[in-house]
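Only one structure is covered here, and it is reproduced in the block below.
The values are calculated or read from the model by the stated rules, or taken from the named source; none is laboratory data. Computed from a predicted model, the values in this text were never measured in an experiment. In this analysis, Cβ positions are derived from the backbone assuming ideal geometry, glycine residues included, and neighbour counts consider all displayed protein chains. Note: areas computed on protein heavy atoms with side chains; ligands, DNA, RNA excluded. Shrake-Rupley method; radii C 1.70, N 1.55, O 1.52, S 1.80 Å.
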Amino acid sequence: GPAEADLVKTLVERATTLASQPGVTRVAVVVNRVATARRCFAQLSAAGSDVALVTGRVRAADRDAQLAELLPRVEAGRMRSPGDRPLFVVATQTIEVGADFDFDALVSECASLSALRQRFGRLDRLGWRGDSAGAIVLRAAKDPDDPVYGPALAETWDWLQACSRESG
């Protein structure tokens with residue numbers, strides 16, 4: 001529906017804006033639902049971006065092969081080159097565990113606080129950049145009983161809003 005289309009548009013716009021910043025060549029877009037990930041992937045692909053899709057909805061052998069190809073491009077400690085073309089990695093929460101990913105920028109759909117901690121732990125993982133940008137985007141309807149995170153999503157968003165007001 002329109003809320004999903006707006007969410008995807010906002011996620012892709014934020015990611016594209018972050019990718020245009022100096023030195024940003026690896027951008028993660030982490031969302032809560034496979035359908036949202038697929039739509040973000042499709043929009044970025046249609047724009048001609050270099051983009052990978054990582055979700056839990058693939059066979060283990062396919063996922064292992066995909067990660068073997070993707071990991072050298074996004075793993076912590078990799079050699080960076082300023083001329084690298086931006087790579088977008090669109091993923092679901094499967095990216096929160098396992099592989100040692102390291103991104104220069106990250107856009108996340110709002111999730112529980114523990115999930116956001118895991119996701120943002122993939123941002124400048126070794127601290128080499130020192131200054132990295134991220135964004136958290138809320139689906140239009142703040143469902144108090146989100147199908148993925150239940151009431152934790154709304155509680156996290158409210159907490160983030162309170163923190164941003166305090167820091168002003």
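Tell me, yes or no, whether the range 158-165 has at least one residue that is part of a loop (DSSP other than H, G, I, E, B) and open to solvent by less than 60 Å² (accessible area, probe 1.4 Å). No: zero hits.
Looking at the structure I just gave you, is V34 at pLDDT 95 or above, touching a Ser or Thr at 6+ places or on another chain (Cβ under 6 Å) and farther than 14 Å from G134 by Cβ? Criteria not met by V34. Out of D64, D131, D50, D84, one residue alone is of a type in the set (D, E), over 30 Å from C163 (Cα atoms) and free of Cβ contacts under 8 Å to residues at least 12 places away in the same chain. It is D64. Inspection of the range 123-144 identifies no residue that is among the hydroxyl-bearing types (S, T, Y), open to solvent by less than 50 Å² (accessible area, probe 1.4 Å), within 24 Å of E4 (Cβ to Cβ) and under 18 Å from the mean Cα position of the chain (by Cα). Pairs are defined by a Cβ separation below 8 Å, a sequence spacing of at least 6 or placement on different chains, a first member in the range 5-26 that is in contact (Cβ under 8 Å) with a residue 12 or more places away in the chain and over 16 Å from L87 (Cβ atoms), and a second member that is of a type in the set (S, T, N, Q) and open to solvent by 50 Å² or more (accessible area, probe 1.4 Å); the pairs so defined are V8/Q43; K9/Q43. Looking across the range 101-122, the residues that are hydroxyl-bearing (S, T, Y) and open to solvent by less than 70 Å² (accessible area, probe 1.4 Å) come down to S108, S112. The set of residues in the range 109-168 being of a type in the set (F, W, Y) and either within 22 Å of T10 (Cβ to Cβ) or in contact with a His (Cβ under 7 Å, 6 or more places away or on another chain) (or both) consists of F120, Y149, W157, W159.
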